[in-house]
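The values are calculated or read from the model by the stated rules, or taken from the named source; none is laboratory data. What you are looking at is a predicted structure, and each value in this text was computed from that prediction instead of being measured. FYI the Cβ positions are ideal-geometry reconstructions off the backbone, even for glycines, and counts take in every protein chain you see.
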Amino acid sequence: MDMVTYRVAIPGENGGMGLTMPYLATLTGLGERRAERAIRDLKKAGIITVHPICKKLEDATYKGLAAIRAVSKHFFAALGLLDWLKHEQRKATERKIQREEKKRRKELAHIQMAINAAKPKAAAPVKRTGTMTPIKDRIAALRAPLGPPPD
């Protein structure tokens, strides 16, 4: 269950998020028809909400996909777990914000790398050898007094 949205789902490889009725029936050990009646009863009791999803096909027909099911917070209140739910939901929201912030920082880093790659490269610094005097020493020598004037 996603603690932020209360959705109950398993992410699929094709982007689908819902649980199919045959999967729920197998998971619970019920027949498919009995699982459908159980879901209907849970909907009537207000324990879950079901949002059916369909996809339009090329021949103007529709294909039903796994519905999105969400557990009501009233269910947790009836079990005496509402305070726990609020605590866990707060933690899940913080984790989600942290993941989004990390993703944003990563995207900004990629942009910065692209900008840096597009900049012209500066010339490599000249490597000094032991025989050359650093420029600061040369300037200081030029500014030094020359001594007494000649007679």
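Numbers below:
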read-out: Within region 63-79, considering residues that are assigned to a strand (DSSP E or B) and touching a residue at least 60 places away in the same chain (Cβ under 8 Å), the one farthest from ILE10 (Cα to Cα); value: VAL71
read-out: Filtered residue count, region 18-58, keeping only those that are over 21 Å from PHE76 (Cα atoms), modelled with pLDDT of 85 or more and of a type in the set (Asp, Glu); value: 2
read-out: Condition broken by ARG104, with the remaining ones in (1) at pLDDT 90 or above; (2) basic (Lys, Arg); (3) over 28 Å from the mean Cα position of the chain (by Cα) satisfied; value: (3)
read-out: Boolean, ALA60 is in a loop (DSSP other than H, G, I, E, B), surrounded by fewer than 11 Cβ atoms within 10 Å (Cβ to Cβ) and either touching a Phe, Trp or Tyr at 6+ places or on another chain (Cβ under 6 Å) or of a type outside the set (S, T, N, Q) (or both); value: yes
read-out: Of the criteria (1) touching a strand residue (DSSP E or B) at 6+ places or on another chain (Cβ under 8 Å); (2) over 19 Å from MET1 (Cα atoms), which one THR49 fails; value: (2)
read-out: Yes/no for TYR6 being aromatic (Phe, Trp, Tyr), at pLDDT below 90 and over 22 Å from the mean Cα position of the chain (by Cα); value: no
read-out: Within region 69-85, considering residues that are modelled with pLDDT under 90 and of a type outside the set (A, V, I, L, M, F, W, C), the one surrounded by the most Cβ atoms within 10 Å (Cβ to Cβ); value: ARG69
read-out: Number of the exception - GLY46 against (1) under 27 Å from the mean Cα position of the chain (by Cα); (2) not in a helix (DSSP H, G or I); value: (1)
